Amino acid sequence: MRWQQQKIDDDAALVPIKGLIRSVRPPEFEGVTFHEVLCKSALNKVPGQSSMPFAWTVNPTRGCLHRCVYCFARKTHEYLDLNAGRDFDTQIVVKTNIAEVLRAELARPSWRHEHVALGTNSDPYMRAEGRYQLMPGIIGALADSGTPFSILTKGPLLKRDLPLLAEAPVPVEVGVSLAFADDDLQQSVEPGTPRPAARLALIRSIAEAGLDCTVLAMPVLPWLTDSVEHLDELFAGIKAAGARWVSAGALHLRPGAREWFLAWLRREHPALLPRYLELYGRGAYAPKDYREWLGARVDHLRRRHGFVRPTGVAAQEDRWQRSPAQQAPMPATPSATQPALF
Ligand code: SF4
């Protein structure tokens, strides 16, 4: 890795990355290096052949301090000649001028005001946003230009921007990612993220601000979080917090995420490794039988907790489920070790 051969001082580094201003290691972010760059473009066009349900994304950062072991945006760090594991967690590229560049791009006569998705490749409200404060400018640029947008996050820092989001004169979709009710398991799988209670408080704040909040409960982990008891507790908390809808689906192991997730599983739950290798032996998705089994369980629990599918949620749900950093709900053969459906 060529970056590993660079000596990084406290406030400067010779990192070979386009637009680099400097690299810094703030003491309050132990073990993390921020590579501050001036970007030339802010809007990313999703390739035409992509199945993604959005045409444009904006990512103020690359790499993510949330360190989810299942994140399949990890692979994108390899384009920077960094690895998809520890480097994705600790080498964070920050586009410091993104709001100005975005505003200029949205002002072009050719801009067609298509939906823009945020939170697809890194979390825009990870802790770094407290330091760089890029999101208010991004929201302002989108709102002022009349561009509808969506934000998916695990970060309670979004509360800071609720007044901006509530007042935006464009359609705004706000989603919170929360798939665990068990604190210890959640901290093991997503060691850099706020705990479930903090995210439930975020959902409550979004609802109190008058915005609909959809929760993405992904990934559901076979044999770890797919029990009725776990999902029931999770959905109960999400409903009580005021979320309008919850969608859930099973773990999805694409290359890039697969290696890191299986390494975690081998370390933390070695007895489950053979079962996972069998379940995901033929590809990134769990088998169709499991997906249908889990889908039926999720439907049943949604009804039990009084979730009523809002109009238009299909496109929104699809948008988030298929974000590169998230888990598409797909799942498998109920084995003898799985509990009965309800
Ligand atoms: S899944 Fe989302 S929050 Fe987690 S590391 Fe990936 S981008 Fe960050």
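The values are calculated or read from the model by the stated rules, or taken from the named source; none is laboratory data. All values derive from a computational prediction rather than experimental measurement. We place every Cβ from the backbone using ideal geometry, glycine too, and count neighbours over all the protein chains shown. All accessible areas refer to the heavy atoms of the entire protein, side chains included, with ligands and DNA or RNA removed. Shrake-Rupley method; radii C 1.70, N 1.55, O 1.52, S 1.80 Å.
Brief remarks on what is shown
- Failed condition for L341, given (1) modelled with pLDDT of 95 or more; (2) in contact with a helix residue (DSSP H, G or I) (Cβ under 8 Å, 6 or more places away or on another chain): (1)
- Residue ID - farthest from the ligand (Cβ to nearest atom), chosen from residues in segment 169-190 that are in contact with a strand residue (DSSP E or B) (Cβ under 8 Å, 6 or more places away or on another chain) and among the hydrophobic types (A, V, I, L, M, F, W, C): V170
- Consider segment 215-257 and keep the residues that are of a type in the set (D, E, K, R) and in a helix (DSSP H, G or I). The one that is surrounded by the fewest Cβ atoms within 10 Å (Cβ to Cβ) is E229.
- Tally of residues being open to solvent by 20 Å² or more (accessible area, probe 1.4 Å) and among the aliphatic types (A, V, I, L, M) across segment 186-214: 7
- Complete set of residues in segment 171-190 that are not in a helix (DSSP H, G or I) and not β-branched (V, I, T): P171, E173, G175, S177, L178, A179, F180, A181, D182, E190
- R86 within 14 Å of the ligand (Cβ to nearest atom), at pLDDT below 95 and either among the aliphatic types (A, V, I, L, M) or open to solvent by 10 Å² or more (accessible area, probe 1.4 Å) (or both): yes
- When segment 115-158 is limited to residues that are under 19 Å from N97 (Cβ atoms) and among the charged types (D, E, K, R), the one that is most open to solvent (accessible area, probe 1.4 Å) turns out to be D144.
- Checking the stated criteria, G210 turns out to be on the phi > 0 side of the Ramachandran plot and modelled with pLDDT of 95 or more.
Let's see how each residue does on (1) modelled with pLDDT of 95 or more; (2) within 16 Å of the ligand (Cβ to nearest atom); (3) assigned to a loop (DSSP other than H, G, I, E, B); (4) in contact with an Asp or Glu (Cβ under 6 Å, 6 or more places away or on another chain):
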position: S110; (1), (2), (3), (4): yes, no, yes, no
position: E114; (1), (2), (3), (4): yes, no, yes, no
position: Y125; (1), (2), (3), (4): yes, yes, yes, no
position: A143; (1), (2), (3), (4): yes, no, no, no
position: L157; (1), (2), (3), (4): yes, yes, no, yes
position: R160; (1), (2), (3), (4): yes, no, no, no
position: G192; (1), (2), (3), (4): yes, yes, yes, no
position: R199; (1), (2), (3), (4): yes, yes, no, no
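- In segment 59-82, the residues that are within 10 Å of the ligand (Cβ to nearest atom) form Cβ pairs under 7 Å with partners that are among the basic types (K, R) and in a loop (DSSP other than H, G, I, E, B), at six or more places apart or across chains, as follows: L65/R127; H66/K154; F72/R254.
- Qualifying residue in segment 44-59 (condition: among the polar types (S, T, N, Q) and more than 30 Å from F180 (Cα to Cα)): yes
- Test: residue in segment 24-33 that is assigned to a loop (DSSP other than H, G, I, E, B), over 20 Å from G130 (Cα atoms) and more than 16 Å from the ligand (Cβ to nearest atom): no
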